[in-house]
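See below for the structure under consideration.
Quick note: the coordinates plus some simple rules give every number you see, no bench work behind them. Treat the numbers as computed from the prediction; the structure is a model and nothing was measured. Every residue, glycine among them, receives a Cβ derived from its backbone with ideal geometry; neighbour counts consider all protein chains shown.
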Amino acid sequence: MQNQRQGGFLITKIHHLASRIFARMLKEHQIDIHPGQGRILFALWDSDEVPIKEIAKRTLLSKSTLTDLIDRLEQSGFIVRVPNREDRRKTLIKLTEKNKALQEAYTKVSQKMLDLFYNGFSPEEIDTFETHLKRTLTNLQGYTGR
């Protein structure tokens with residue numbers, strides 16, 4: 001057991017701890033959203049008015065998880081569902097005006113989190129680390145269940 005690699009276990013531990021710290025930071029800044037909801041908003045800040053399928057692709061959240069988070073964001077007034085003008089069978093997710101102030105505060109908290117995450121890393125170490133994480137993500141995305 002001592003020789004077993006721990007990359008996946010360490011990533012999981014980092015994810016859980018970082019999520020708790022990030023949630024605490026959001027609360028300290030009076031940002032009343034769950035970090036999972038923030039992933040959705042972050043994806044929408046990049047490009048607004050997109051179908052749920054696109055948000056799922058950008059966030060890697062399952063459709064059922066995504067639907068629940070979108071429902072809560074809509075109830076809080078941060079997003080609205082709007083019909084797609086090109087295809088009425090599809091619904092788009094759009095940011096509201098209430099969201100504009102949130103974006104600035106959320107971005108500041110995200111930067112604080114990045115500063116904590118990369119404390120003591122050189123720019124080259126960050127580049128290498130992120131390159132390895134992207135390769136790992138690609139490996140996992142290529143899994144077919146064989």
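Spin-label model, K134 to F9: label points 7 Å out along the Cα-to-beta-carbon direction sit 2.9 nm apart.
The alpha-carbon atoms of region 7-146, seen along their principal axes, cover 47, 45, 23 angstrom, with the largest extent given first.
Computed from the Cβ-Cβ distance with R0 of 22 Å, the FRET efficiency linking K63 to S19 stands at 0.60.
Spin-label model, D127 to E104: label points 7 Å out along the Cα-to-beta-carbon direction sit 3.4 nm apart. Helices in the chain, meaning DSSP H runs of at least 4 residues, each add -39500 (n - 2.57). Divided by all residues, the mean residue ellipticity at 222 nm is -21500 deg cm²/dmol. Note that region 47-59 has calculated 3J(HN,Hα) couplings of 7, 8, 6, 10, x, 4, 4, 5, 5, 4, 5, 6, 9 Hz, one per residue in order, obtained from phi through the Karplus relation 6.51 cos²θ - 1.76 cosθ + 1.60 (θ = phi - 60°); glycine and proline are x.
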